[in-house]
Each structure stands twice: as structure tokens, then as C-alpha cells.
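Participant: Here it is, the structure in full.
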Amino acid sequence: MVDILAAPQQGKADSALRTLTGISIAHWVSHFHLLVLPMLFPFLKDKLGVGYVELGFSLTTLAVVSGLTQAPTGYLVDHFGARKILLIGLMLGGCALILLGLHVSYASLIACAVLLGLANSVYHPADYAILAEHMDEARMGRAFSIHTFAGYLGGAVTPAIVAALVIVSGGVGALIASGAIAILVALLLVAIGIPEAGAHKTKPGHENAPRQAVVTPALITLTALFMLLSLSVAGINNFGVVALMSGYGTSYSIANVALTAFLGASAAGVLAGGFLADHTERHGYVAAACFAANAAIVLLIALVTLPGWALTATMTAAGFLSGVIAPSRDMLVRNAAPAGAAGRAFGIVSTGFNLGGIVSPLLFGWIMDQSAPHWVFGASVIFMVATVLLSPFTERKPAKAATQP
């Protein structure tokens, strides 16, 4: 009897593990694809005979397209199914890089950026809709953390993978192989049976239930929070090395070690944050506490020229705390999402990341052009403090089922 009762539970656990594994691999691909073009800029510059401004415009195009299509893609996820949209996104991103490899031209590069932007808009709405519907409630925070960690890992290994592909097959081969990876992952998701989410028909007895608004004050606030989170770390990620070298006299090697420590600790912090999110309910206050401590650490970096070992240690602590917040951030969105609208909710708030991605290169580039490298860290502190002030207002407990008469 015990075996009979345990069998369905074991099957459900196995299905959840397959789902989490597949969705995490897809998220790995999304972060991998975001960095393929930048890693191939030297090849593309020589091949196309253009400057870095023209190459940089391709990344701006990608960010703008992704930002404009996140929310509409969330609508498609909820109405047509997250699984279908995710598979289309993987195929679209893979074909974009393959087609650029087959016809290398500047027009093809911009077209590839547009298609990659469309593909990138798929992952957050589709991934989170599937996880929110099929993961065990008691382990939801850890599921979100593993998903986010996979994305961080994808970005971390991209330089090494692309470099190896260039050595083996050249720039064209690297583009085609990078695209083929996404298509293979799409086939893998089909093979392991990733479940559907969203696109549910109205349940019996709920035909006349009033529709809930998706663009709620809570989700608008969370979109602002996501933009502040992006801005708070973008300057350190993209301009931290040059800021440390020009403003603090730090050597290139030490500055790179410090940034590597920051990024590696962020990934570790994401996993730790998953356990924290599963054992706390006030996710907004967790986020506020982490970023209050982080603001103090980054302020120290901004104001004091630290020796190499101390700089690396403080950057490690800052990175860890910035990672811890991620699962709590995702739980806030899940709690604020109206029933059956997880795709749209995550699509809307993820627009904040894209807005931060558009603004941050201009802002922090302008700061460096003003010969004010200390303000790369100082501006990050300001955005962290703003995050601390906003986070408590994002709290919302999940709606409970109505009591039956």
C-alpha cells in the first residue's frame, strides 16, 4: 500500500526535475546567445570593415527589440502556451546566428540582432510560467535560483566556448555552431517532454468570473525595481575594470580578478538565495536588507583605495549579496501575478531589465567620459539605496483560495 501511494509522488518529483533541468538549460542558452556577438566583434569588425560604434549598434538593437517585445510575448505565453513559445524562441535564436554565419554582412548582423532580441523576449515569460505552474510550492525559491544560476553560468562560459569554436572552425563556424546549440536544446526539450503552461481553458463554474487586470500597481512597482536592480550592477559589470584601473591605480590583472570574484560570487549567491526564499515570506524585506548591506560595501569601494586582497574580498561580498536577492525578486513577481497571468507578469517586469540595459551603457559611459571613475561605484550605491527604499512596497502575499460555503 505504501508503494502504491508513493508511486505517484515519485513520478511527480521526477517530472518536476526533468522540467527544471530542461528550463534551466534553455535559460543557459539565452545568456549564452546574448554574448555570442560581442565575443565575435573582432572577427566581425575585420569581416565587415566597420567600426565598434556600428557593431555596438547591433547590441542596442537587440536590447530595444527585446525590451519592446517582453510584455507582448508574455501575453502570447498565457494565451497560446509557454512550451510552444519557448520552443519557437529557441529555434528563432538558433536560426538567427546560423543565417548570419551563412551570409556575413552588416545588414545580416542587424537582422540577426532583431531576431535575437525577439528570441530573448521569450525566455523569462515562458520559463517562469512553466516553473510557477509545475514546481513544488515548498521548493519554488530553489527552483527559481537554479534557473537563474543556469543563466549566470551561460554568460560565464560563453567567452571560453566561443574562443574554442573560433580556433576549431573560425568565426563563421562559431556563429553556425552557436546557433545549432539552441536548435539541439529545443529538440532536447521536446524529447524530455517539457509540460505546457498557460493557455488553459476557463474552468467550469468560472465562466462569468471577472477578469483581473494584469498591469497592476504592484507589477508597475516591480518593473521599476527590476530596472533599479539592473542599473545597480550594470556599471560594475561593464565598467568596473576600467574604473578601478583609471581611478584607483589598480592593475589590469587585479581589477579582472576582482570582477571575476564579483561575478562568481553572484552565481553562488543565487543558489543561497533560493534556500532563503523558501524559508522566508517577506521577500521584499529580504531584498531591502541585502541591498542595504551591499550599498555599504560598494560605498567603501567608491571612497577608499583598497589593496588587492581587500578589493577582491569586498567585491566578492558585494557579488554574493547581489545574487542572493534574485530568487526573492522572482518570488515577489510570482506573488503579484494575477491567476493565469504569470507569463504576462514576468514579461512586464522583465522590461525593467531591458530599460536598465539600454540606459546603463550611456550613463556609465558618460561618467567615464567625465573622468569620474569613482562615480561608477557611487552611482551604483545610489541605485542600491533606491532599491532598498522601493523593495518593501513590492510585498504582496499570494491570493488564497476562496472559502467554500
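Participant: Take every Cα-Cα distance within the chain, group them into 20 Å bins from 0 onward, and report for each bin the whole-number percent of pairs it holds.
Facilitator: 26, 58, 15, 1
Participant: The chain: longest stretch without exposed trypsin sites (Lys or Arg not before Pro) (DSSP loop, at most 16 other Cβ within 10 Å), sites themselves excluded?
Facilitator: On the way: sites that count: Lys201, Arg211, Arg282, Lys400.
With trypsin sites (Lys or Arg not before Pro) excluded where exposed in loops, the chain gives 1-200 as its longest stretch.
Participant: OK, next. When the Debye formula is applied to the Cα atoms of region 254-320, each taken as the same point scatterer, what base-10 log of I(q)/I(0) results at q = 0.12, 0.16, 0.25 Å⁻¹?
Facilitator: -0.34, -0.57, -1.06
Participant: In the chain, what percent of the accessible surface is made up of carbon and sulfur (1.4 Å probe, ligands and nucleic acids excluded)?
Facilitator: Values: 12850 of 18330 Å².
Of all accessible area on the chain, carbon and sulfur atoms account for 70 percent.
Participant: Under a 1.4 angstrom probe, counting protein chains only, how are Met140, Met135 ranked by accessible area, largest first? Mind dumping the intermediate values first?
Facilitator: On the way: Met140 0, Met135 25 Å².
Result, largest first: Met135, Met140.
The values are calculated or read from the model by the stated rules, or taken from the named source; none is laboratory data. Just so it is clear, the model here is predicted, and its values are computed rather than measured. Using ideal geometry, Cβ is built from the backbone for each residue, glycine included, and neighbour counts are taken over all protein chains shown. Accessible surface is based on the protein model in full, side chains and every heavy atom, while ligands, DNA and RNA are left aside. Shrake-Rupley method; radii C 1.70, N 1.55, O 1.52, S 1.80 Å.
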